[in-house]
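*Asks:* Sending over a structure as structure tokens; questions will come in a sec.
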Amino acid sequence: MKKEPQIFTRINVQDVPVGDKILDVLAQEEMSEAAIHEYVKELLAEAAKDVRNLGSKVVVISDEGDKFKVGLYPYAQANPKDYGREIIGVIEAQRFGGCNGAYEVRWVEAPHGWGPLLYDVAMEYATMSGGGLVSDRSNVSSDAARVWDYYYNNRSDVDYDQMDDYEGHLTPEDDSDDCGQEIVYKGEYDFKRQSWDEEYGDDESWEKTGKAILLRSPFSKNYQWGGYSVIDDLRNAGKLVML
């Protein structure tokens, strides 16, 4: 039976079609994990935009305490109230408790090429706010799965902490790192195509299967920004609005 890596579709995270040649290679029986991550790296970098590509566009950060929004708008507005209109792309994140105080990504909509910039700004801002950034805890799209895989495997400017589950399997003496791991244990994007039943699985089966799934998953991490400041770049370029 052929292995079919589930983190690839015919449209990559930048909305760029993935050709049949790449898909055929990914479907090969002996495709290694390292090779899969390398394809993720190439595909995500293919059309990524940065501050230099903004033109008239601006990035707007709206902070509402336990939640914030990073929005991409076509141009600056004289009246801050007008930033509810004509939005191009957005990431919304919220802090619910647990996960070492991280913000959970709740909604993402990004046009061709702009997703990486919005994610970077969101991660940097979440880190500045004292928490870090985690993926949605119950549902992740294939596009988002590739983004988190890329952060985990390819970004030396991003740090991360391993999160535990609500049962405290990893650190029973510390509940601050307890985090919902539904997206992890159901194994939808696990490269070994394994899953673990949170509801009915016992400690023995967790040690045998669940632990490895938790430790190798990009979704079980709390990510913190550790590189140069994209937010400062935006500010220095006159492309940052804080609300």
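*Asks:* Restricting the search to the stretch 184-218, which residues are buried (at least 18 other Cβ atoms within 10 Å of the Cβ), part of a loop (DSSP other than H, G, I, E, B) and among the hydroxyl-bearing types (Ser, Thr, Tyr)?
*Replies:* Passing the criteria: Tyr189, Ser217.
*Asks:* Moving on. Can you work out which of the residues in the stretch 171-227 that are of a type in the set (Phe, Trp, Tyr) and in contact with a Phe, Trp or Tyr (Cβ under 8 Å, 6 or more places away or on another chain) is modelled with the lowest pLDDT? Can you show your working first?
*Replies:* Step one: of the stretch 171-227, the residues of a type in the set (Phe, Trp, Tyr) are 185, 189, 191, 196, 200, 206, 219, 223, 225.
Keeping just the survivors that are in contact with a Phe, Trp or Tyr (Cβ under 8 Å, 6 or more places away or on another chain) gives 185, 189, 196, 206, 219, 223.
On the way: Tyr185: 96, Tyr189: 92, Trp196: 95, Trp206: 96, Phe219: 97, Tyr223: 98.
The residue in question is Tyr189.
*Asks:* Can Gly180 be described as among the small types (Gly, Ala, Ser), over 14 Å from the mean Cα position of the chain (by Cα), surrounded by 13 or more Cβ atoms within 10 Å (Cβ to Cβ) and under 17 Å from Lys221 (Cβ atoms)?
*Replies:* So Gly180 fits the description; yes.
*Asks:* Tell me which residues, restricted to the stretch 81-112, are aromatic (Phe, Trp, Tyr) and touching a helix residue (DSSP H, G or I) at 6+ places or on another chain (Cβ under 8 Å).
*Replies:* Hit for the stretch 81-112 is Tyr103, nothing else.
*Asks:* Among the listed residues Asp120, Asp159, which satisfies the condition of being of a type outside the set (A, V, I, L, M), outside any loop (DSSP other than H, G, I, E, B) and surrounded by 18 or more Cβ atoms within 10 Å (Cβ to Cβ)? If you could, list the steps in order and put the result at the bottom.
*Replies:* On the way: Asp159 fails: surrounded by 18 or more Cβ atoms within 10 Å (Cβ to Cβ).
The conditions single out Asp120.
*Asks:* Just for the stretch 95-106: of the residues that are surrounded by fewer than 21 Cβ atoms within 10 Å (Cβ to Cβ) and more than 12 Å from Phe68 (Cβ to Cβ), which one is modelled with the lowest pLDDT?
*Replies:* Residues of the stretch 95-106 surrounded by fewer than 21 Cβ atoms within 10 Å (Cβ to Cβ): 95-98, 100-101, 106.
Add one more test, that the residue is more than 12 Å from Phe68 (Cβ to Cβ), and what stays is 96-98, 100-101.
Numbers: Phe96: 89, Gly97: 86, Gly98: 89, Asn100: 94, Gly101: 94.
So, considering only residues that are surrounded by fewer than 21 Cβ atoms within 10 Å (Cβ to Cβ) and more than 12 Å from Phe68 (Cβ to Cβ), the one modelled with the lowest pLDDT is Gly97.
*Asks:* Could you list, in sequence order, all residues of the stretch 221-243 that are within 23 Å of Ser156 (Cα to Cα) and of a type outside the set (A, V, I, L, M, F, W, C)?
*Replies:* Lys221, Asn222, Tyr223, Gln224, Gly226, Gly227, Tyr228, Ser229, Asp232, Asp233
*Asks:* Another one. Which residue, of Leu240, Leu170, Leu215, is out of contact with any Gly (no Cβ under 8 Å at 6 or more places or on another chain), farther than 25 Å from Phe96 by Cα and of a type in the set (A, V, I, L, M, F, W, C)?
*Replies:* Numbers: Leu170 fails: farther than 25 Å from Phe96 by Cα; Leu215 fails: farther than 25 Å from Phe96 by Cα.
None of the other options fit; the residue is Leu240.
The values are calculated or read from the model by the stated rules, or taken from the named source; none is laboratory data. Note that the structure is a prediction, hence the values are computed from the model and not measured. A quick note on method: Cβ atoms are made from the backbone with ideal geometry, for glycine too, and the neighbour counts reach across all protein chains shown.
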